[in-house]
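Since the structure comes first, as structure tokens, the remarks are kept for the end.
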Amino acid sequence: MIVMSNIIKSLYNIRMLDELAEKRTFIHNIHPLIKVLTTCVYLTVTVSFDKYELSGLLPLIFYPVVMITLAEIPMIPILKRMLVVIPLIIGIGIFNPLFDHKPMVVLPWIQISGGWISFFSIMFKGGFTILAALILIATTGMTRIASALRMIRVPRLFVLQLLLTYRYISVLMEEAGRTWNAYMLRAPGQKSVNPKAWGPLAGQMLMRTYDRAQRVYQAMGLRGFNGEYNPGDVKKVTVKDILYFTCWAAFFAVSRYFNLPALIGEVVTGVMK
Amino acid sequence: MSHHIVDFIDIYFTYPDGKQAVNGITCRINHGESVGIVGANGAGKSSLLMLLTGILLPAKGEIRVGETPVTKKTLSVIRQKIGFSFQDPDDQLFMTTVYDDVAFGPRNYGIDEPEVKKRVMKALETVGAVHLKDRAPYKLSGGEKRAAAIAAVLSLEPDILVMDEPTAALDPKARRRLMNLLKGFLHTKIIATHDLDMVLEICERTIVLKEGRVVCDGLSPEILNDEELLEQCGLEKPLALQNCPVCGSGKLYGSLLEGTGK
Ligand SMILES: Nc1ncnc2c1ncn2[C@@H]1O[C@H](COP(=O)(O)OP(=O)(O)O)[C@@H](O)[C@H]1O
Ligand SMILES: [Mg+2]
């Protein structure tokens, strides 16, 4: 149960992503709208791959790697956040190897069942999707993402919902952390919360979270918030931004229409012949 | 000027769970007045302030700010006039940096960015928090959070400043700084608090609440000297008005006011 408290601690620090978004690297300086669009294209391309097309998917890892490096995002916290969701993806994919035994050739000398291939393809797709979303938040910040969504005419209600849900998660995590601490301080020697106390504790936490979320929303309303947040530093889209988008879009398109690993393999073997 | 008069006319409010928090409050606060609202825990201070800002709407009665009644329709007008700081500054700070938080209000009212910047810096200077501007609000100490929360209210340049227990959880120095700041704010101030010494120092008028009713409304020095009344309402005479505990005679009040009159 030590692990549990660690997870809470890492989630408790959920606002770290917002802090990262305040950095000023090349990536951070790209227009939010452009980054949102690039992420959309990336996600569309990623999920559009057929479930048996594992090798074609691999070059897409290039995008998160480049982004994390250029934006100076620390790896560990990002991986930790991914760890929290990975069980979910495994849950979705795990039945494929059980039911799909169709043999498939990966490389000339290895044969694996189709189930395993599609399992890994789901793992990669899920992993890439989450990574791309985390990177977008860590390089742009939720409020700027929201204003970018408004620029492309996403309905106001939807954007507001997104913004408040995001806030709500951090409020929930903070309350969870507090409740956890309050319990642990008065339950010395216990490694985890006594199962009997889970019910009341969870109920209490939800009530408190609800109250606080309400007050936070009221505080926003008191200062004139009506669903349209203006982040202040709205810039114009520049040539640099368009170039950035074009480069990535071109790369995604090439990865989609050509199986790069196979191509490279052919070239290499061709040269060797 | 009549446009900043705050008028409570026979206000009743009951929480959904049946708790009657405000039971017929009538009072008028004039332009430029500085009013302390005191009372024991649960007397209804916070509820009254939330009614004034339209977070809660009264079950019966009417609240007017200037000529405008507080209703759902007039909220945005009312809220531009009133700056409200919450009891818990954590509820008020939700942006990533202190700067963005202080800028949140002005930006919502469509003020252009150079003017926003001017206002933010001025508000931060007023509370002595310029050095905090790039910090994350949730990582500040209690006093620093309070300062940031007050700056966030001041940047809206309100005509009426409403505060719920502003000195709670402040160390003596931060409390002193806040009190000096409040003395410098010349518009209408409405402050709910247990800190009677502060009321004595910065509010000329005191309203005492008990169980959602006004028990007494008058000049601060008179009310805060009325031991019996305060006792009944679960309060205690301000230290400054108590006899010196060491020598048993003489009151600190005079010397205290002299000492801070600068
Ligand atoms: N959200 C709520 N739901 C139900 N009752 C409440 C709520 N908030 C406050 N009360 C009750 O209303 C009364 C007045 O509370 P409040 O205005 O917060 O008092 P004060 O700020 O003077 O301490 C108290 O008895 C309190 O228990
Ligand atoms: Mg209160």
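The values are calculated or read from the model by the stated rules, or taken from the named source; none is laboratory data. Computed from a predicted model, the values in this text were never measured in an experiment. Positions of Cβ are generated from backbone atoms using ideal geometry, with glycine treated the same way; all protein chains shown enter the neighbour counts. When the accessible area is computed, the model is the full protein with side chains, heavy atoms only, and any ligands, DNA or RNA have been set aside. Shrake-Rupley method; radii C 1.70, N 1.55, O 1.52, S 1.80 Å.
Scanning the range B:216-235 for residues that are within 26 Å of B:Gln20 (Cβ to Cβ) and touching a residue at least 40 places away in the same chain (Cβ under 8 Å) yields B:Asp217, B:Cys233, B:Gly234, B:Leu235. Within the range B:67-85, being touching a residue at least 24 places away in the same chain (Cβ under 8 Å) and closer than 24 Å to B:Ile111 by Cα holds for B:Ile78, B:Arg79, B:Gln80, B:Lys81, B:Ile82, B:Gly83, B:Phe84, B:Ser85.
Return yes when B:Ile37 is more than 16 Å from ligand 2 (Cβ to nearest atom), in contact (Cβ under 8 Å) with a residue 40 or more places away in the chain and either closer than 30 Å to B:Glu144 by Cα or within 11 Å of chain A (Cβ to nearest Cβ) (or both) and no when it is not. No; evaluated as a whole, the condition is false for this residue. State all residues of the range A:212-232 that are touching a residue at least 12 places away in the same chain (Cβ under 8 Å) and either more than 7 Å from every other protein chain (Cβ to nearest Cβ) or aliphatic (A, V, I, L, M) (or both); if no residue qualifies, say none. Passing the criteria: A:Ala213, A:Val216, A:Tyr217, A:Gly227, A:Glu228, A:Tyr229, A:Pro231. Looking at A:Ala202, A:Ala138, A:Ala148, A:Ala182, just one residue is at pLDDT 80 or above and surrounded by fewer than 17 Cβ atoms within 10 Å (Cβ to Cβ), and that residue is A:Ala202. Assuming A:Thr269 fulfils every condition listed in (1) within 12 Å of chain B (Cβ to nearest Cβ); (2) over 28 Å from the mean Cα position of the chain (by Cα); (3) assigned to a helix (DSSP H, G or I) apart from one, which condition is it? All conditions are met except number (1). Criterion applied to A:Thr165, A:Thr238 was being out of contact with any helix residue (DSSP H, G or I) (no Cβ under 7 Å at 6 or more places or on another chain), among the β-branched types (Val, Ile, Thr) and within 30 Å of B:Arg79 (Cβ to Cβ), and the one residue passing it is A:Thr165.
Filter the range A:121-133 for residues that are open to solvent by less than 30 Å² (accessible area, probe 1.4 Å) and under 20 Å from A:Asp241 (Cα atoms) and give the result. Selection gives A:Ala132 alone. Of the helices (runs of 4 or more DSSP H) lying entirely inside the range B:1-117, the ones with 3 or more residues being surrounded by 14 or more Cβ atoms within 10 Å (Cβ to Cβ) and within 16 Å of ligand 1 (Cβ to nearest atom) are found at B:45-52.
Screening the range A:15-48 for residues that are modelled with pLDDT under 90 and open to solvent by less than 30 Å² (accessible area, probe 1.4 Å) and picking the one that is nearest to the other protein chains (Cβ to nearest Cβ) gives A:Asp18. Would the range A:100-120 turn up any residue that is on the phi < 0 side of the Ramachandran plot, over 21 Å from the mean Cα position of the chain (by Cα), open to solvent by 40 Å² or more (accessible area, probe 1.4 Å) and among the polar types (S, T, N, Q)? Looking through the range A:100-120, at least one residue is on the phi < 0 side of the Ramachandran plot, over 21 Å from the mean Cα position of the chain (by Cα), open to solvent by 40 Å² or more (accessible area, probe 1.4 Å) and among the polar types (S, T, N, Q). Taken over the range B:95-117, the criterion of being out of contact with any Asp or Glu (no Cβ under 7 Å at 6 or more places or on another chain) and either aromatic (Phe, Trp, Tyr) or more than 12 Å from every other protein chain (Cβ to nearest Cβ) (or both) is satisfied by B:Phe104, B:Tyr109. Is there a residue being away from every other protein chain (no Cβ under 14 Å), more than 16 Å from ligand 2 (Cβ to nearest atom) and not hydroxyl-bearing (Ser, Thr, Tyr) anywhere in the range B:43-59? Yes: one or more hits.
For the range A:76-99, the tally of residues that are open to solvent by 90 Å² or more (accessible area, probe 1.4 Å) and either of a type in the set (A, V, I, L, M) or touching a residue at least 60 places away in the same chain (Cβ under 8 Å) (or both) stands at 6.
For the range A:49-72, residues that are open to solvent by less than 10 Å² (accessible area, probe 1.4 Å) and either within 14 Å of A:His28 (Cβ to Cβ) or within 18 Å of the chain's Cα centre (by Cα) (or both) total 6. Condition check: away from chain B (no Cβ under 14 Å), over 30 Å from B:Ser155 (Cβ atoms), under 31 Å from the mean Cα position of the chain (by Cα) and open to solvent by 40 Å² or more (accessible area, probe 1.4 Å). Does A:Ala176 satisfy that? Here the answer is no, as A:Ala176 does not meet what is asked. Selection of the range B:118-137 for residues being open to solvent by 10 Å² or more (accessible area, probe 1.4 Å) and away from chain A (no Cβ under 11 Å) yields B:Lys118, B:Arg119, B:Met121, B:Lys122, B:Glu125, B:Thr126, B:Gly128, B:Val130, B:His131, B:Lys133.
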